[in-house]
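Encoded as structure tokens, the structure appears first; notes follow it.
The values are calculated or read from the model by the stated rules, or taken from the named source; none is laboratory data. These figures come from a predicted structure and were not determined experimentally. With ideal geometry, Cβ positions are generated from the backbone for all residues, glycine too; neighbour counts draw on all protein chains shown. Quick note on the areas: whole protein, heavy atoms, side chains included, nothing else; ligands and nucleic acids left out. Shrake-Rupley method; radii C 1.70, N 1.55, O 1.52, S 1.80 Å.
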Amino acid sequence: MANDLLRDVYVVDAVRTPIGRYGGALAGVRPDDLAAHVIRALVDRTPDLDPARIDDVVLGNANGAGEDNRNVARMATLLAGLPATVPGVTVNRLCASGLEAVLHAARAIACGDASIAIAGGVESMSRAPWVLPKPERGFPAGHQQLYSTTLGWRMTNPAMPPEWTVSLGEGAEQVADKHSITREAQDAYALASHRKAAAAWADGVHGAQTVPVPGTDLTRDESIRDTTSPEALAKLKPAFRPDGGTVTAGNASPLNDGAAALLLTDEAGLRATGREPLARIGASATTALEPNLFGLGPVRAVRNALAKAGRTFADLDVVELNEAFAAQVLGCLAEWPDLDPAVVNPHGGAIALGHPLGASGARLAGAVAHHLAATGARTGLATLCIGVGQGQALVLER
């Protein structure tokens, strides 16, 4: 932390579920149960920690409209069997909700409001409900419209400029236009993501931080396509611009279900866990830009976080950049010429692993922390683009 009066904050452990595809192996599991599982797993992996000492549980969640039940963090804390005296709060910064939860908890620890906290996120996009607006008057005679809460804009305010309310996929197409990113480049990036993810699973990288969900048979991220090929990706039709589009289902992240959580402490809390930390929380930044160019949200956020941390791109040993779309990742990389692409998502990204909205930021932060601890590297960064035009980044250090 930049201020000497603030306490250092440590990542003691990080876990996640395998990520299920939409309608797949985790579709039968409620989001509050997914979140409860990773909370319980963190506690079980730290047997010296008295759960009653946990000062708060902070979870990110992008939906909240269904079984998430408004405050999924409190629900999951109770379902995980933690003492009823442990509070919980849910935060929503859309795709970065899980990282926002980590920052929220880290700030509380840094300023002395907490000593030990669990932070993470959860999303079941499979179980996201449809919602029905209330009618303007009672006893309507006509049909009523249902809105899906799975992804994207809903019940959009007509005062919002239409150029801002384009679909996420159209926004990715606009990023591709801005940086002249071809369909071939996007497909090649997607193929590499799948291959890196499959190799990392085979090497045990992901397994060390993954806790399978009881009652399911999913032991590996379900959206990885080991056998995909350039030819298979090239056959897919553009999903958002039928004529001349470049963004397809193959070079975009899928819809997913999953949860992730980190155990955060100060020095006193670290002693209470009896464990060595994986990493230390460094500087962070949150920025914003035009909603339709949301994919470039990480560009300024990363620069700001590095400046606050007194680091440069050359200092980064690993970067976990959320792969909402290949076009968006390639657009960000084009604006970071000093960043070595080889350190970005070395074990695959969301195109292959999946993107359960509220959980992804916590998954990325946890992946960076585990990478630093496993390799002895010193500096890593987690970052995401955010729908409606925001970006967020966190530097982690050892």
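How much of the DSSP beta bridge set in the chain is antiparallel, as a percent to the nearest 5?
That works out to approximately 70 percent antiparallel.
Going from most exposed to least, what order do Trp201, Trp164 have by accessible area with a 1.4 Å probe?
In descending accessible area the options line up as Trp164, Trp201.
Rounded to the nearest 500 deg cm²/dmol, what is the calculated helix-only ellipticity per residue at 222 nm for the chain, with -39500 (n - 2.57) per DSSP H run of length n ≥ 4?
Calculated from helices alone, the mean residue ellipticity at 222 nm is -9500 deg cm²/dmol.
Using alpha-carbon pairs under 8 Å, 6+ residues apart, how would you state the relative contact order of segment 275-315 in percent?
Relative contact order here is 42 percent.
State the percentage of accessible surface on segment 106-164 attributable to carbon and sulfur atoms; use a 1.4 Å probe and exclude ligands, DNA and RNA.
The C+S portion of the solvent-accessible surface of segment 106-164 is 57 percent.
What does the charge dipole of the chain about its Cα centre add up to, to the nearest 20 debye, if the Cβ of each Lys and Arg holds +1 and the Cβ of each Asp and Glu holds -1?
420 debye
How much accessible area per residue does segment 275-323 have, counting only protein heavy atoms and a probe of 1.4 Å, in square angstrom?
In whole numbers, segment 275-323 has 36 Å² accessible per residue.
Enumerate the whole-percent occupancy of each 10 Å bin, from 0 to the last occupied one, for all C-alpha pair distances of the chain.
Values per bin, smallest distances first: 5, 24, 34, 25, 9, 2, 0.
Compare Leu264, Leu78, Leu255 in a GNM of the chain, Cα atoms joined below 10 Å, and give the one with the largest fluctuation.
Looking only at Leu264, Leu78, Leu255, the largest GNM fluctuation is found for Leu78.
Where does each of Tyr189, Tyr22 land when they are ordered by accessible area, with a 1.4 Å probe and the largest first?
Ranked from most to least accessible, the order is Tyr22, Tyr189.
About the Cα centre of segment 253-398, how large is the charge dipole given +1 on each Lys and Arg Cβ and -1 on each Asp and Glu Cβ? Please answer in debye to the nearest 20.
Computed charge dipole of segment 253-398: roughly 280 debye.
Estimate the FRET efficiency between Ala288 and Asp177 by the formula 1/(1 + (r/R0)^6), using the beta-carbon distance for r and 22 Å for R0, to the nearest 0.05.
Using R0 = 22 Å, I get an efficiency of 0.60.
Students sometimes get this wrong: rank Lys134, Lys196 by accessible area, probe 1.4 Å, all chains present, largest first.
Per-residue accessible area, sorted high to low, gives Lys134, Lys196.
Can you give the FRET efficiency for Thr227 and Ala268, using 1/(1 + (r/R0)^6), R0 = 45 Å, r = Cβ-Cβ distance, to the nearest 0.05?
Efficiency at R0 = 45 Å is approximately 0.35.
How much length, in nm to one decimal, is gained on full extension between Thr375 and Asp338, taken as 0.36 nm per residue of separation minus their Cα-Cα distance?
11.1 nm is the gain from fully extending Thr375 to Asp338.
Determine the dipole magnitude for segment 1-151: charges of +1 sit on the beta-carbon of Lys and Arg, -1 on that of Asp and Glu, nothing else is charged, the reference point is the Cα centre, and the result goes in debye to the nearest 20.
That gives a dipole near 540 debye.
Report the paramagnetic label zone for Asp113: residues of segment 28-63 whose backbone N is under 15 Å from a point 7 Å from Cα along the Cα-to-Cβ axis.
Counting only backbone N, you get 55-59.
Could you sort the peptides 388-397, 312-321, 47-56 by per-residue average Cβ neighbour count (10 Å cutoff), highest mean leading?
Highest mean packing first, the order is 388-397, 312-321, 47-56.
Where does each of 227-238, 322-333 land if you order them by average Cβ count within 10 Å, highest first?
Top to bottom by mean Cβ count within 10 Å: 322-333, 227-238.
Run down the aspartates and glutamates and flag those whose C-alpha is under 12 Å from the C-alpha of Lys196, throwing out any fewer than 8 positions away in its chain.
Asp226
Picking from Ala101, Ala249, Ala268, which is most flexible by a Gaussian network model of the chain using Cα springs under 10 Å?
In this elastic network of the chain, the residue with the biggest mean-square fluctuation among Ala101, Ala249, Ala268 is Ala268.
Roughly what % of DSSP beta bridges within segment 267-398 run antiparallel, to the nearest 5?
Around 75 percent antiparallel, to the nearest 5.
Between Ala141 and Glu170, take the C-beta separation as r, use R0 = 35 Å, and let me know the FRET efficiency to the nearest 0.05.
The computed FRET efficiency comes out at 0.50.
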